[in-house]
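Please read the structure below before turning to the comments.
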Amino acid sequence: MFADPTTPSPVVIEDATVAGSRIEAVVRVTDSRYLRTTAFPGIAERSLELLPGILRHRCECGSAHGIAAELADTETAHLLEHVALELMALGGSPRTLRGETRWDFRADGRGVFRVTLEYDDEHRVRDAFDRAAELVNELLSAGR
């Protein structure tokens, strides 16, 4: 589940903690250029091309413009949250499972996010986090 520290990746999952039916991953965005998706025009569209089911996601962060607009202007770790949830759904998990992305740069350091996902299968959620990190890194690389 953890990234190879010798490979420079913009998004790295450093740790994960399971508590009940939720898992919290500590996600580090290694370079401030990658903190927000706005730095990568078209990343939301490319994400939706790869995983069109994300269009069915809802987000409680207050965006009145829908998930596509939200993903075009959000934290990169938030994009990772939605990619992981969609991968879980494609793997057979219920679409009712929820996620949350939060951060406290003062406590954890700049670029550290905590992404929490509900899950029904621990193996599936861990695989989804791994694959989501790979996909987000690929999307970021394509947008450079």
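With contributions of -39500 (n - 2.57) from each DSSP H run of at least four residues, the per-residue ellipticity at 222 nm computed over the chain stands at -11500 deg cm²/dmol. For the stretch 73-144, taking Cα atoms only, Rg and Dmax work out to 12.6, 37 Å respectively. Legend: calculated FRET efficiency, ARG46 to ARG95, from the Cβ-Cβ distance at R0 = 25 Å, rounded to 0.05, equals 0.70.
Taking every Cα-Cα distance in the stretch 101-142 and sorting them into 5 Å bins starting at zero, the pair-distance distribution P(r) comes out as 6, 19, 17, 21, 21, 13, 2 percent. Here the extension length gained between ARG131 and SER32 equals 33.4 nm, from 0.36 nm per residue of separation less the Cα-Cα distance. In the chain, which whole DSSP H runs stretch at least 18 Å along their own axis (Cα) and average -1.0 or higher on the Kyte-Doolittle scale? Qualifying helices, which must be both long enough and hydrophobic enough, are 76-90, 122-142. The HN-Hα couplings worked out from phi for the stretch 9-23 by the Karplus form 6.51 cos²θ - 1.76 cosθ + 1.60 (θ = phi - 60°) are 10, x, 10, 10, 8, 8, 7, 8, 10, 9, 9, x, 9, 10, 10 Hz, whole numbers, x standing for Gly and Pro. Over the stretch 6-70, the ratio between the Cα radius of gyration and 2.2 N^0.38 Å evaluates to 1.34. Applying 1/(1 + (r/R0)^6) with r as the Cβ-Cβ distance of ALA68 and ALA39 and R0 = 25 angstrom yields a FRET efficiency of 0.90.
For the chain, a crude dipole built from +1 on the beta carbon of Lys and Arg and -1 on the beta carbon of Asp and Glu, taken about the Cα centre, is about 280 debye to the nearest 20.
Seen from every direction in turn and averaged, the convex hull around the alpha carbons of the chain projects onto 8.1 nm².
Projecting label points 7 angstrom from Cα along Cα→Cβ for ASP120 and VAL18 puts them 1.7 nm apart.
Each reported figure results from applying straightforward, stated rules to the coordinates on display, with no laboratory input. Fair warning: this is a prediction, and the values are worked out from it, not measured in the lab. Virtual Cβ from ideal backbone geometry, glycine too; neighbours counted across all protein chains shown.
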